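Everything below concerns the one structure shown next.
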Protein chains: 2
Amino acid sequence: MNVKVKKGDLSSAVESASKSINARSTMPILQSILLKAKESTLHVIGTNLELTIETKIDAEIEEEGCVCIDAKLLSDLTKKFSGDDVFIESDGTSITIRNLLSEFKIVGQLAEEFPELPRLTNGNKFSVNQGIFNKAIQKVLYCFSKDEFRPVFTGIYFEINNGKLTLVSTDGYRLSRTTVDIDGENEISFIVPGKSLLEVNKILKGDKIEIVVYANHVEFRILNTTIMTRLIEGQYLNYKNVIPNISQNIQVKIKKNDFMRALERTLIFNNKNNYVILKNYNNKVHLSSQSAIGKINEELLCESTGEIEIEIAFNAKYILEVLNAIDEEEVIFKFIDNKNPIIIETDDFFNMTLPIVIKENISNAA
Amino acid sequence: MNVKVKKGDLSSAVESASKSINARSTMPILQSILLKAKESTLHVIGTNLELTIETKIDAEIEEEGCVCIDAKLLSDLTKKFSGDDVFIESDGTSITIRNLLSEFKIVGQLAEEFPELPRLTNGNKFSVNQGIFNKAIQKVLYCFSKDEFRPVFTGIYFEINNGKLTLVSTDGYRLSRTTVDIDGENEISFIVPGKSLLEVNKILKGDKIEIVVYANHVEFRILNTTIMTRLIEGQYLNYKNVIPNISQNIQVKIKKNDFMRALERTLIFNNKNNYVILKNYNNKVHLSSQSAIGKINEELLCESTGEIEIEIAFNAKYILEVLNAIDEEEVIFKFIDNKNPIIIETDDFFNMTLPIVIKENISNAA
């Protein structure tokens, strides 16, 4: 292989491919990037077997060919290059990379050792505005489960229906749901690994993202980059059935930023469950938290409707993650009682978070 | 104690005091900050026994008194406060801190448990422009020894003479020296722990720094903050005697930034000693480095004078640290041969760095 590419193209392609690479993998080939020079394109590919990221860049190709290079090394090199053009030559294992007056001779691995990529056929395609998709996945990405014993909950549920995409995630303690408009008419649902979607989120660029769903995989196509991930098999939770009836509820409307800053202060003592007790009366919200080293009390003005008193304990980090994901300046909390979920709802978003059961002594001490 | 202070004053005083605190200390009192309210001043003091940092801030004092508070907790609190005024009340152990609608009740420690600060008398005072002092200590701070078996080299040598302050540091492999003008006429020399000076460097602010030298301590006074550190006892190296005769030398003048970028690239392979071989001929500098995974060659234009060929190996990180500390766009390297130190010299600065002995096989392979 003998190719010439632009430094900027190579550098950003390597950066994208690196996002699929697990530096702690015990298989050296999985720490490598596959470079494949064919026709007028250099394919830059990384994979961790679940997630594969491929970027195609324009190249002047003297000789076609493939080789694998350690991803970290290639990333360090391209970041520190100073000239515009990068020349890569390889006989399949040894590689020479030149840039301006720098020359690097390194040992690579044979392209044959790189995992074979699945051949995907018969995909269902739809597309969505990239900015909108980005905001939508941020609204659900913090609450998928990290517990591999319940695999479906380690994914984000995608449900397409009537030109709308609904995204749902839950870890058993909380559930988030959001809906966005898409271009595409299929009715289809599937579960995307949360970890893969985190990487998609980092690579998002351009105006539009194309999503193609196959039997066991999904592709996210963004400009010249394709991110492919396996789907999670299994039946997702019927989320509509778990949402409580909130017709008879208590509503508290409060300035989001003030509430977030107060919550952050309650976390300073770092108590074990991050639990905070919220009391609401006289159009004021009182937050309290304590640990062995002290107590914190916070007071905030709010507008309350419904039955006006509630005392409920919750994980402050969970609520902070929800508030971080939404744009509204004022937020409405809905409560039923101190045993039912706390609900935060906006036009296109719904979250419910289970409270922490307050023991009598905790409640009195706070 | 019952005081009212401005949040910004308290926050920056706590930040300064925290720089003297070793979070891994096994004595809880050394992880605390002493607050001392007296007359119209709140003294905010941290210490690790070697280094003590005290800031005096204006306070409205209802009741004088002292208390110790965990430094990390107080720092987290003051950073996250939202109102301007902070009220601190304490009976000596339990503490209430109020700010706007937030109230914190925390457990403190008795001020009596805080280490007693030395009483310093008969100091020699001189002063120096803060910006100049800052630049000067950056020119020597990277090369004091971390090896506690040679205590004097873990410090920076201060030598005052004829209205000038000379700073010297060495770790046995390299030596840096710089000189600045000061206000003050004393002739005195002393050794300041490098670690303490690193903290002084972080706190530097204002126009002027006053330095007061006592028998066993030195104070750096910056606006309302006083940084006090023990001096290191012992005789420093007679640095003038170790500087080689460089009348018969090879000089290489080169663009500093290009050279630094090239050196950084040679470090990508992360070979054990960071060693790089420099060859100089035909007004070109060639840098090379290698490890088990590959080789790097770099070529740069330069202006050479003297005997024009040299081949010398050195620790690239050492030379990068020197180049990082100086402002010049072009830098002149002086070489005698491949066994004598590499010398980098500017108007007010001198550095010499020992080369690495090149084994025959290393030299041939590169």
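Peptide A:296-307 has a mean of 2 when you count, residue by residue, the C-beta atoms of other protein chains within 10 Å of its C-beta.
With R₀ set to 41 Å, the beta-carbon distance separating A:Phe87 from B:Ser25 gives a calculated FRET efficiency near 0.15. With a simple spin-label model that places each label point 7 Å from the Cα along the Cα-to-Cβ direction, the separation between A:Leu120 and B:Asp181 comes to 6.9 nm.
Peptides B:257-263, A:20-26, ordered by how many other C-beta atoms sit within 10 Å of their residues on average, highest first, read B:257-263, A:20-26. When A:Pro244 is represented by a point 7 angstrom out along its Cα-to-C-beta vector, the spacings to that point in the other copies are 7.9 nm, nearest first. Note on segment A:124-241: Cα-Cα pairs beyond 22 Å make up 25% of the total pair count. Eigenvalues of the alpha-carbon gyration tensor of the protein assembly as shown, scaled by 5 and square-rooted, set the equivalent ellipsoid semi-axes at 52, 47, 18 angstrom, largest first.
Shown here for segment B:170-260: GluC sites (Glu not before Pro) in loop regions (DSSP other than H, G, I, E, B) with at most 13 other Cβ atoms within 10 Å, namely B:Glu185, B:Glu187, B:Glu233.
Distances between placed amide hydrogens fall under 5 Å for B:Ile33 paired with B:Ile69, B:Asp70, B:Ala71, all partners being 5 or more residues away or on another chain. For segment B:239-327, the equivalent ellipsoid built from the Cα gyration tensor has semi-axes of 22, 16, 13 Å, listed from largest to smallest.
Shape verdict for chain B, please, from the Cα gyration tensor: rounded (a/c under 1.5), prolate (a/b greater than b/c) or oblate.
On the way: a/c = 2.75, a/b = 2.08, b/c = 1.32.
Prolate, because a/c is 1.5 or more and a/b exceeds b/c.
The simple spin-label model puts a point 7 Å past each Cα toward its Cβ; for B:Val242 and B:Ile293 those points are separated by 3.5 nm.
Here B:Lys339 yields copy-to-copy label distances, from shortest upward, of 8.8 nm, the label point defined as 7 Å from Cα along Cα to C-beta. As a length-normalised measure over Cα pairs under 8 Å and 6 or more apart, the relative contact order of chain A settles at 12 percent.
The rotation axis taking chain A to chain B passes closest to this chain A residue's Cβ, listed with the gap in Å: A:Arg24, 13.
3J(HN,Hα) couplings calculated from phi for segment A:250-264 with the Karplus curve 6.51 cos²θ - 1.76 cosθ + 1.60 (θ = phi - 60°) are, in sequence order, 9, 10, 10, 9, 8, 5, 4, 5, 4, 5, 5, 4, 5, 4, 4 Hz; Gly and Pro show x. Measuring label to label, 7 Å along Cα→Cβ, what does B:Leu301 give against each other copy in nm, shortest first? Here the equivalent label points are 6.8 nm apart from this one. Taken over segment A:124-241, lysine pairs spaced eight or more positions apart, or on distinct chains, with alpha carbons under 14 Å apart number 6.
How would you rank A:322-330, A:116-124, highest first, on the average number of other Cβ atoms within 10 Å across their residues?
Ranking the peptides A:322-330, A:116-124 by packing returns A:322-330, A:116-124.
Each principal axis of the Cα cloud of segment B:191-287 was evaluated for its coordinate range; sorted largest first, these ranges are 55, 32, 31 Å.
Under 18 Å from a label point set 7 Å out along the Cα-to-Cβ vector of B:Asn282, the amide N atoms of segment A:93-110 belong to A:100-103. Sorting the Cα pairs of segment B:209-366 by distance into bins of 10 Å, from 0 upward, gives 9, 33, 28, 15, 12, 2 percent per bin. Shown in residue order for segment B:176-192 are the 3J(HN,Hα) couplings computed by the Karplus curve 6.51 cos²θ - 1.76 cosθ + 1.60 at θ = phi - 60°: 10, 9, 8, 10, 9, 7, 10, 9, x, 10, 5, 10, 7, 9, 7, 10, 9 Hz (x for Gly and Pro). Centre-to-centre, using Cα atoms only, segment A:155-221 and segment A:36-88 are separated by 28 Å.
For A:Lys6 paired with B:Glu39, estimate the spin-label separation in nm (one decimal), with each label point 7 Å from Cα along the Cα-to-Cβ line. Using points 7 Å along Cα→Cβ, the separation is 6.7 nm. The Cα-based radius of gyration of segment B:160-219, divided by its Kirkwood radius, gives an Rg/Rh of 0.95. Enumerate the residues in segment B:277-300 having an amide nitrogen under 11 Å from the point lying 7 Å beyond the Cα of A:Ser94 toward its Cβ. What the label zone holds, given the 11 Å backbone N cut-off, is B:295.
Between the listed residues B:Ile277, B:Ser304, B:Val322, the Cα displaced farthest toward the positive end of the dipole of segment B:178-326, a dipole computed from Cβ unit charges relative to the Cα centre, is found at B:Ile277.
Every number here is computed from the coordinates shown, using simple stated rules; none is lab data. Quick caveat: nothing in here was measured; it's all calculated off a predicted structure. So basically every Cβ, Gly included, is an ideal-geometry build from the backbone, and we count neighbours across all protein chains shown.
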